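Notes follow once the structure below has been shown.
The values are calculated or read from the model by the stated rules, or taken from the named source; none is laboratory data. In this text, all values refer to a predicted model and were calculated from it rather than measured experimentally. Positions of Cβ are backbone-derived with ideal geometry, glycine not excepted, and every protein chain shown enters the neighbour counts.
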């Protein structure tokens, strides 16, 4: 009986000792740089902007005058770093952008 109890206790306690889960880096979205954004000129067509920046991650279905380029990076389950760029159009011609860029892009 004692051997059975010792075996059960060993199995229960060995299940509690787990070294942890390996967490990977997760990146999603469009990586944009200052150089790409400064190469945009007022009056560019939407397709020209897409050739420079790539396709936007999100398009506002209610207001087509804005496109959203969002990039997120999470290092091994830590805090999520985010960068946002909103590109504005006036009659399908590039007007300007607003950007919250990361100081350094972790993916590079």
task: Tell me which of these residue 107 doesn't satisfy, since it passes every other one: (1) modelled with pLDDT of 90 or more; (2) assigned to a loop (DSSP other than H, G, I, E, B); (3) on the phi < 0 side of the Ramachandran plot.
output: (1)
message: I'm trying to understand the selection: among the residues of segment 67-97, which are more than 30 Å from residue 23 (Cβ to Cβ) and crowded, with 16+ Cβ neighbours inside 10 Å?
response: 67, 86, 87, 89, 94, 97
- prompt: Say we look at segment 76-97 and pick out the residues that are out of contact with any helix residue (DSSP H, G or I) (no Cβ under 9 Å at 6 or more places or on another chain) and over 20 Å from residue 33 (Cα atoms); which of these is modelled with the lowest pLDDT?
  reply: 77
query: Only one of (1) loosely packed, with under 10 Cβ neighbours inside 10 Å; (2) modelled with pLDDT of 85 or more is not met by residue 22, so which one is it?
result: (2)
